[in-house]
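Please read the structure below before turning to the comments.
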Amino acid sequence: MACRFQSALRLAVGKPYPALKPAYQRVVGHGQRCFSVSTAWQLRTKEMNEEVLASLKVNQKRLMEDIHYTCQWGTGERWGSAPTETGMSRLALSDADKEARDWFVSTTQALGCKTTVDSMGNIFAVRPGLRNDKPPTFVGSHLDTQPTGGRYDGILGVTAGVEMLKVLADNWVETEYPVGVVNWTNEEGARFPLSMVASGVWAGSIPQETAHNTREVHPGTATMLSELTRIGYLGQTPASYESIPMAAHFELHIEQGPLLEMSNKKIGVVKGVQAYKWFTVTVKGRDTHTGTTDLKSRADALLTAAKMILHSHRLATANAALASTGILNLKPGSTNTVPGDVTFSLDIRAPTDSTVQKMKDLILADFAAIAAGKDILDSNANCTSGLPCSVTIVEDFDSPATIFHNDCIDSVSKAARSVLGPDAQNLVMEMTSGAGHDSVYASKRCPTSMIFVPCREGVSHNPAEFCKEEDCSLGAQVLLQSVLRFDRMRDERRISWKQEPYTL
């Protein structure tokens, strides 16, 4: 019994004695004692019935205060008049990111968690359970943002995880196994152009040397290693699923698309993530004077690149895929000089690996033909034929299609039905994520699933990104219940999901 009391008392420091909630009194009053082992003021997940699970409530006001409090670090463009109507510009490993990380560490430690920083700067905060010989069940997301991002992408997931810890503390809940929250480094890939790189290193999918040597986007020269060192978040624990194993990984996120809002749904139960590849395309032509070089004598690298970007859109349309260019750099950058050197990014996505591969094959063949001056799908229509250019295409990143684990999906589905009540079937949508998330790499080493909530007009990676307070709270409530249900299921099955040889 000593260890049980110590486990409960670690949460009691500086807190008033929690009163027994009416919901629990009703259950006991019916002669159906749920807590046959726990004391009356200490709740154990294995002894919780549906009524008790539903009675554990997220504090919406507190959750929103945490979201907006953390947005003081890296505040971005204003889109409205209210104090919170701004975007975010908190690039990974910046000074603003360090401030947000410091908040995460101090807040979770105050809630009784042990925090560990690994060699990629990932921060793991773990709250002990009654049995601590097995890996924790984690909630995870990220605190870094796009340069012109919003207040909810990633931030909601981390702060909802912190809110989960607060609800557990408020209600003296004791999980059977440890539970934790992880803040993953550089999920966005906005400053260091490897998306989800730190979770990729943890999963063993990306070599740490590659990640550490990744340079920030032009015109910066810093590497991930130099910035991890500079801000004091280069941990000594190896970034590896073997050093910090997980029993499961749940992630709450805004949808970043319009489907939930358009369908009047409140919760997306995410069953997987679509495939995508990133490329860097370099077109070489010849710098020449704009006033003295006629159109047929130009090797115009920018015009050729523009034809390629338009062609990628046409290919995506024809193949039910997505194609996007978000970075474009040209040289020499003079008004009266035809550009002779252009580099641009290309992001290709589709629900299946085969479609993404088909898109890649078409792009490799067609871009070479366009550079040579050939007319591909009327790419030269109403244009003067000029001199040929050359093109090189480098594949920077590959994320195959991901299918999440049925046990985690089931936990989320049951939690959503419980939280949304009798009308749940009309408010829940099963979904495939169009965006990549750290859950992609987590799913390679442990059971994983995600929860989506609607965002206004589906807008994300934009300062005006917005999620209603009640939707943030609903998502956090489903997240809380999902973790508790999974913890209860682990105890029922006595499953620890050792990290090897776990495969999907």
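The values are calculated or read from the model by the stated rules, or taken from the named source; none is laboratory data. Keep in mind the model is a prediction, meaning the values are calculated, not measured. Cβ: placed from backbone, ideal geometry, glycine included. Neighbour counts: every protein chain shown. In case anyone asks, the SASA skips ligands and DNA or RNA and just uses the protein heavy atoms, side chains included. Shrake-Rupley method; radii C 1.70, N 1.55, O 1.52, S 1.80 Å.
State the number of lysine pairs found in segment 275-399 whose Cα atoms come within less than 12 Å, restricting to pairs 8 or more positions apart or on distinct chains. Eligible lysine pairs with Cα atoms under 12 Å apart amount to 4. Distant-in-sequence amide contacts of ALA247, defined by a placed amide H-H separation under 5 Å and a gap of 5 or more residues or a different chain, comprise THR137, PHE138. Probing with 1.4 Å while keeping every protein chain in the model, the per residue accessible area of the chain equals 41 Å².
Rounded to the nearest 20 debye, the dipole magnitude of segment 275-399 is 180 debye, with +1 charges on Lys and Arg beta carbons, -1 on Asp and Glu beta carbons, and the Cα centre as origin. Residues ILE155, ILE393, ordered by accessible area of protein heavy atoms at a 1.4 angstrom probe radius and largest first, appear as ILE393, ILE155. Would you work out if the chain is rounded, prolate or oblate? Take a ≥ b ≥ c from the square roots of the eigenvalues of the alpha-carbon gyration tensor; rounded if a/c is under 1.5, else prolate when a/b is larger than b/c, oblate otherwise. It is prolate, given that a/c is not under 1.5 and a/b is the larger ratio. Relative to the longest principal axis of the Cα atoms of the chain, helix 60-70 runs at roughly 50 degrees. Helix 406-420 against the longest principal axis of the chain: what's the angle in degrees, Cα atoms only, rounded to the nearest 10? Once rounded, one gets 70 degrees. When ARG417, ARG488 are compared by accessible area of protein heavy atoms, the largest-first order is ARG417, ARG488, using a 1.4 Å probe.
Less than 5 angstrom separates the built amide H of ARG78 from those of GLY87, all sequence-distant by 5 or more or on a different chain. Using a cut-off of 15 Å between beta-carbons, work out the net charge of the residues near GLU395 (Lys and Arg +1, Asp and Glu -1, GLU395 not included). So the environment of GLU395 carries a net charge of -1.
Taking all protein chains as shown and a probe of 1.4 angstrom, GLU261 keeps an accessible surface of around 80 Å². Heavy-atom accessible surface of SER418, to the nearest 10 Å², is about 40 Å², with a 1.4 Å probe and all protein chains retained. Think of it as helices only: each DSSP H run of n ≥ 4 in the chain is worth -39500 (n - 2.57), and spread over all residues that comes to -10500 deg cm²/dmol at 222 nm. Close amide H partners of LEU130, meaning residues 5 or more places away or on another chain with modelled amide H under 5 Å apart, are THR175, GLU176, TYR177. Phi angles across segment 381-389 convert, under the Karplus curve 6.51 cos²θ - 1.76 cosθ + 1.60 with θ = phi - 60°, into 3J(HN,Hα) values of 4, 6, 10, 7, 5, x, 7, x, 10 Hz, Gly and Pro given as x.
Here the Karplus relation 6.51 cos²θ - 1.76 cosθ + 1.60, evaluated at θ = phi - 60°, turns the backbone of segment 269-278 into coupling constants of 8, 8, 9, x, 10, 6, 7, 7, 9, 10 Hz, with x for every Gly and Pro. Taking only the C-alpha atoms of segment 270-317, Rg followed by Dmax gives 16.8, 58 Å. Across segment 345-359, coupling constants 3J(HN,Hα) worked out from phi with the 6.51/-1.76/1.60 Karplus curve, θ = phi - 60°, read 8, 9, 10, 10, 9, 6, x, 10, 4, 5, 5, 5, 5, 4, 4 Hz, and Gly and Pro carry x.
Mean silhouette area of segment 225-284, derived from the convex hull of its C-alpha atoms and averaged over all directions, reads 9.2 nm².
Under the shape rule built on the C-alpha gyration tensor, where the axes satisfy a ≥ b ≥ c, segment 193-314 is oblate, since a/c reaches at least 1.5 while a/b does not exceed b/c. Think of the chain as having a plus end and a minus end, set by charges on the Cβ of Lys, Arg, Asp and Glu; of ILE370, VAL105, LEU53, LEU53 sits farthest toward the positive end of this dipole.
Which of rounded, prolate, oblate describes segment 275-399, given a ≥ b ≥ c as roots of the alpha-carbon gyration tensor eigenvalues and a/c under 1.5 marking rounded, otherwise prolate only if a/b is larger than b/c? All intermediate terms of the calculation are to be shown ahead of the outcome.
Details: a/c = 2.67, a/b = 1.81, b/c = 1.48.
It comes out prolate by the Cα gyration axes.
Roughly speaking, to the nearest percent, how much of the chain's 1.4 Å accessible area is carbon and sulfur?
On the way: 11030 of 20670 Å².
With neighbouring chains kept in place, the figure for the chain is 53 percent.
Simple spin-label estimate for THR221 and LYS296 gives 4.7 nm between the two label positions (7 Å along the Cα-to-Cβ direction from each Cα). Shown here are the Rg and Dmax of the Cα trace of segment 77-212, at 15.8, 51 Å. Of the trypsin sites (Lys or Arg not before Pro) in segment 117-176, the ones in a loop by DSSP (not H, G, I, E or B) with at most 15 other beta carbons within 10 Å are ARG131.
Think of the chain as a dipole: +1 on every Lys or Arg Cβ, -1 on every Asp or Glu Cβ, centred on the Cα centre; then among THR148, THR84, THR384, THR84 lies furthest on the positive end.
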